[in-house]
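Notes to accompany the following structure.
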Amino acid sequence: MSNGQLLLLALLLPFAGSALAAFLPTHARNAAAFMAGAIAVVGCVLIVLMYGSAERSEPVRLVLEWLPMLGINVSLRLDGLAWLFALLIFGIGALVALYARYYMSAEDPVPRFFSFLLAFMGAMLGVVLSGNLVQLVFFWELTSLFSFLLIGYWHHTAAARDGARMALTVTGAGGLCLLVGVLLIGRIVGSYELDEVLNAGGLIRSSPLYVPVVVLVLLGAFTKSAQFPFHFWLPHAMAAPTPVSAYLHSATMVKAGIFLMTRLWPVLAGTDTWFYLVVPAGLVTLLLGAYAAIFQQDLKGLLAYSTISHLGLITLLLGLGSPLSAVAAIFHTVNHAIFKASLFMAAGIIDHETGTRDLRKLSGLFRYMPITGTLAMVAAASMAGIPLLNGFLSKEMFFAEAVENHTGSLLDDSLPYWATLAGIFSVTYSLRFIIGVFFGPPATDLPRKPHEPPHWMRFPVELLVLICLLIGVVPSFTVGPLLANAARAVIGPDLPYYSLAIWHGVTWALVMSIIAMIGGVLLFLGLRAYLDSGVEGPPLVRELKGQRIFERILVVISWQLARTLERAFGSKRLQPQLRIVVVVALAAAISPLWLRGMVSEGTLPLTAFDPAFALLWAIGAGCAIAAAWQAKFHRFAALVLLGGAGLVSSITFAWLSAPDLALTQLLVEIVTTVLLLLGLRWLPKRIEEPYPTSPPPSVLLRRYTDLAIAVTVGIGIAVISYAVMTRPLGESVSRYFVERAYIGGGGTNVVNVILVDFRGFDTLGEVVVLCLVGLTVYALLRRFRPAPESVGAPEQQRLQDEFDEAAPDRSPGDTVADYLRIPRLVMQWLFPVIATFAVYLFMRGHDLPGGGFAAGITLSIAFIVQYMAAGTRWVEDHLRVLPLRWMGLGLLIASATGAGSWWFGYPFLTTHVRYLDWPIVGKFPVASALMFDLGIFAVVVGATLLMLVALAHQSLRRTRSSRTAEGE
């Protein structure tokens, strides 16, 4: 396999594992953990195999054409920076999978956890491996979605639900800003491909859109990496299981914003705008996070705020704009991921073995957990920047860069002092972690008796701490080459001089480190009594709670602002809402045609007047008007009349030589009429209350307004149709499809070829929407409660009950009254006939009227007939309906068909036609679009059946309600 194919395999592996884990049994903890760990290890191997390209500064590229005409492709790109991040994602992911096997309770649905974890792993890989900025944003939002699911994994707790909602809201909003920023970059550069964007730094910085681009991109990065003022979501995300914190909130998700700033550093950094936006945000985050970490009483809370502080440190380095500061930022990103992941896992072990994370209860654990205590102390020392550990080296580089003069501004001149103060805070909260947990008198009120965890639960911490030591002692042999490769991918081939030696002599950076260590010890001793008092929250800013501000903003937006807009433009009644929708749709349709002068008569002559056709349309118009007249109080009559109008439309299509549309319209009319009939059963009865004299003026105004809108819309559609049908094919795109349907799509049914070939991408989006509609209808009807007057048995059911009482000794299954017996048998016998007809329509659809959509509707009718004939219970006892599986399989087939064209080097959803010489039949065209049509067929069947099941189950609910009432 080529490196490009290895890269694609590495990206797809986590998503495939996520799908498999979702189907594992609920308590298959070992299988799910083994699969997740194996996928991460294989991913590490694949990334290591591509190290040679990163070392030679030759990025691995793979481009699969998606929408090449719009400059949007599936583009993968692996350089030194992406290689380093991918190694972190897979490497720490493998350790987290092993750790989670022992941390997660056997009572939890652990396969679901690993399914979410692997999906997040794939999304994060997509971010770092994307060679296209639009694609990067897509994976960026996927990380927000899957982190939401992981943070809210224990959704039975309010803290998990609130933390997940907050994280999704903040990072999702930032992702939307990033999308706009990326679109602006594409507008400036003329491409979204990362290679071209990275080569257009001067063009971007000189563009008048540079400032909006920087602001929007930084909003995306700051929200994801918890930078001030968006830092508040990260501590509340600690309600997630500790493996999630160890993975997302130290090594991956919060590093996505750092990765983005690092990736776009060559084209956005180096200006005053960049400096004054990034440096203050990073500095405030660095100091505020470190200060707040000192006073946390929750162990994970302390680590969360320290994470915020270190993310601020990295952001500050990137904001300085010098090449050496970028090197230091990359170095500290790696170091922080290693020691913070080990610290979170150690905190999880403490929580797992003692039953608490409360620092006010934890004390003297070293005598019970000496190995875990030693590992945690080494990792905490690395976080504090103690010599011979990896954190010390990158902290020294940070101090050295803080001393350097970059802009000569007051902010720049004061950076050494702020950096030293942050170092003091870092030593203080590290000492709080070490001394407060492992030393002092033994704890007396712990929920569990503390002891060492199983060895394999502690192994990931041991390995990460060993890496901390190796990097700290021999950095040039361990991380040196990896850092150089990543730095060259950002800065270019000419790297600035830097040294990873442990000793550089007496420098200002060393002096600042010594001051930080001494000052941190003194500050901890000075605050010891205050910290032991158990006061919650940091002084001075204790009342400044990000969650409260966030919720207040949400209240203002979702309640006050929304209510104001609702009062101005909204209504609780459906009719005014429909009025607005119809008027806006009419304006949107007619405006472009009117402005382009296309609403006019074409050159084709009119056809001769046909009295039969006019009579047909008179009948259709009469049915439509009568349906509107009867719609309010006589729903059944209105529905029958509406079906008449639909039937006239079907005949019209056939009259005008459009049999495919006529067939589809007829089938849709059948399904919708039956589903609406089932729905009418549960609506409350409407009773007309006549006005004493005549309707009031307001009612008359509303009626005349609706009439005017209806007439206007009808005339507008008529005018547009007239303008289209009086123009020859040469004045539109129709001729292109007509002439190329057989040559390019292998079919003579132009409509079906357009759907599954020329406009296949649109059709794929439409079937996705159809799935969403089906799921939405099902979800709404699950919570639907029929009106009280609708719960009683209808006349047919009362006749059935009387028949049952009159024949108590009937044979099993004989539950239908005499007058329904023959129709029931006929309808049951029709199932194989209709199913066969559906197959016939599907197989002929590429050349003759039919296709996947028509066949799907036809098979749905077969199921509907069975529900009508035998009832819900009989059908679901004898037929495997499974609408969700139909929908899922259909989407999978359609997507796989589209992706299959990549295997042959063609854009997504490119179809292929080949003539096969079959025995007896002779030469016969076979199109790959047939499989895509099969996916459409399955989705249509599944979505229709899902809505049918939701409606049919209302009768079961009625039966349960009746039995409950009788029992009472």
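The values are calculated or read from the model by the stated rules, or taken from the named source; none is laboratory data. Note that this is a predicted model, so its numbers are computed, not measured. Positions of Cβ are generated from backbone atoms using ideal geometry, with glycine treated the same way; all protein chains shown enter the neighbour counts.
Structural remarks
- Scanning the stretch 310-326 for residues being crowded, with 24+ Cβ neighbours inside 10 Å and more than 19 Å from L277 (Cβ to Cβ) gives a total of 1.
Yes/no matrix, rows are residues, columns are (1) in a helix (DSSP H, G or I); (2) under 36 Å from the mean Cα position of the chain (by Cα):
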residue	(1), (2)
T428	yes, no
T444	no, no
I467	yes, yes
N485	yes, yes
A489	yes, yes
P493	no, no
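- Taken residue by residue, the stretch 638-658 has at least one member that is modelled with pLDDT under 85 and of a type in the set (S, T, N, Q).
- Summed over the stretch 51-73, the residues that are surrounded by 18 or more Cβ atoms within 10 Å (Cβ to Cβ) and either more than 23 Å from the chain's Cα centre (by Cα) or in a helix (DSSP H, G or I) (or both) give a count of 6.
Residues checked against (1) modelled with pLDDT of 85 or more; (2) exposed (fewer than 15 other Cβ atoms within 10 Å of the Cβ); (3) in contact with a strand residue (DSSP E or B) (Cβ under 9 Å, 6 or more places away or on another chain):
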residue	(1), (2), (3)
G774	yes, no, no
L780	no, yes, no
P794	no, yes, no
E802	no, yes, no
A807	no, yes, no
A817	no, no, no
P823	no, yes, no
R844	no, no, no
P849	yes, no, no
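- Segments classed as helices (runs of 4 or more DSSP H), wholly inside the stretch 194-265, with at least 1 members that are in contact with a strand residue (DSSP E or B) (Cβ under 8 Å, 6 or more places away or on another chain): 194-198
- Meets criteria (in contact with a Leu (Cβ under 9 Å, 6 or more places away or on another chain) and either crowded, with 19+ Cβ neighbours inside 10 Å or in the same structural domain as L393 (by TED's automatic domain parsing) (or both)) for M512: no
- Among the residues here, G391 qualifies as small (G, A, S), in contact (Cβ under 8 Å) with a residue 12 or more places away in the chain and out of contact with any Leu (no Cβ under 8 Å at 6 or more places or on another chain).
- One residue alone among G80, G91, G131 is out of contact with any Leu (no Cβ under 9 Å at 6 or more places or on another chain) and crowded, with 21+ Cβ neighbours inside 10 Å, and that residue is G91.
Here's the yes/no breakdown for (1) closer than 25 Å to L663 by Cβ; (2) among the charged types (D, E, K, R):
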{"residue": "R824", "(1), (2)": "no, yes"}
{"residue": "W829", "(1), (2)": "yes, no"}
{"residue": "F837", "(1), (2)": "yes, no"}
{"residue": "H846", "(1), (2)": "yes, no"}
{"residue": "G852", "(1), (2)": "yes, no"}
{"residue": "P883", "(1), (2)": "yes, no"}
{"residue": "L891", "(1), (2)": "yes, no"}
{"residue": "S895", "(1), (2)": "no, no"}
{"residue": "G898", "(1), (2)": "no, no"}
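- Restricting F15, F23, F34 to residues that are among the aromatic types (F, W, Y) and surrounded by fewer than 15 Cβ atoms within 10 Å (Cβ to Cβ) narrows the list to F23.
- The requirement of being among the β-branched types (V, I, T), exposed (fewer than 14 other Cβ atoms within 10 Å of the Cβ) and modelled with pLDDT of 90 or more is fulfilled nowhere in the stretch 459-470; no residue meets it.
- If the condition is being surrounded by fewer than 14 Cβ atoms within 10 Å (Cβ to Cβ) and either hydrophobic (A, V, I, L, M, F, W, C) or in contact (Cβ under 8 Å) with a residue 12 or more places away in the chain (or both), then the stretch 711-730 contributes V711, I715, I717, A718, M725, P728, L729.
- For beta carbons closer than 8 Å, sequence separation of 6+ or different chains, a first residue in the stretch 274-291 that is farther than 16 Å from L421 by Cβ and assigned by TED's automatic domain parsing to the domain that holds D413 and a second that is of a type in the set (D, E) and buried (at least 22 other Cβ atoms within 10 Å of the Cβ), there are no qualifying pairs.
- Screening the stretch 142-158 for residues that are buried (at least 19 other Cβ atoms within 10 Å of the Cβ) and within 8 Å of the chain's Cα centre (by Cα) and picking the one that is farthest from M104 (Cα to Cα) gives L142.
- Any hit, the stretch 405-416, residues being in a helix (DSSP H, G or I), free of Cβ contacts under 8 Å to residues at least 60 places away in the same chain and under 28 Å from Y102 (Cα atoms): no
- Selected residue (criterion: nearest to the chain's Cα centre (by Cα)) from residues of the stretch 849-871 that are under 14 Å from V949 (Cβ atoms) and aromatic (F, W, Y): F863
- Of everything listed in (1) surrounded by fewer than 17 Cβ atoms within 10 Å (Cβ to Cβ); (2) modelled with pLDDT of 80 or more; (3) under 30 Å from F842 (Cβ atoms), the single unmet condition for V750 is (1).
- Of the residues in the stretch 305-318, at least one is assigned to a helix (DSSP H, G or I), closer than 22 Å to L194 by Cα and at pLDDT 90 or above.
- Total residues in the stretch 438-458 satisfying the condition of being loosely packed, with under 14 Cβ neighbours inside 10 Å and either at pLDDT 95 or above or not basic (K, R) (or both): the figure is 9.
Each row is one residue, and each column tells you yes or no for (1) assigned to a helix (DSSP H, G or I); (2) in contact (Cβ under 8 Å) with a residue 60 or more places away in the chain.
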{"site": "A588", "(1), (2)": "yes, no"}
{"site": "G597", "(1), (2)": "no, no"}
{"site": "G602", "(1), (2)": "no, yes"}
{"site": "F613", "(1), (2)": "yes, no"}
{"site": "I619", "(1), (2)": "yes, no"}
{"site": "C623", "(1), (2)": "yes, no"}
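- For T356, the criteria (1) within 17 Å of D298 (Cα to Cα); (2) part of a helix (DSSP H, G or I) hold in every case but one, which is (2).
- In the condition set (1) at pLDDT 90 or above; (2) in a helix (DSSP H, G or I), L76 is compliant with all but (2).
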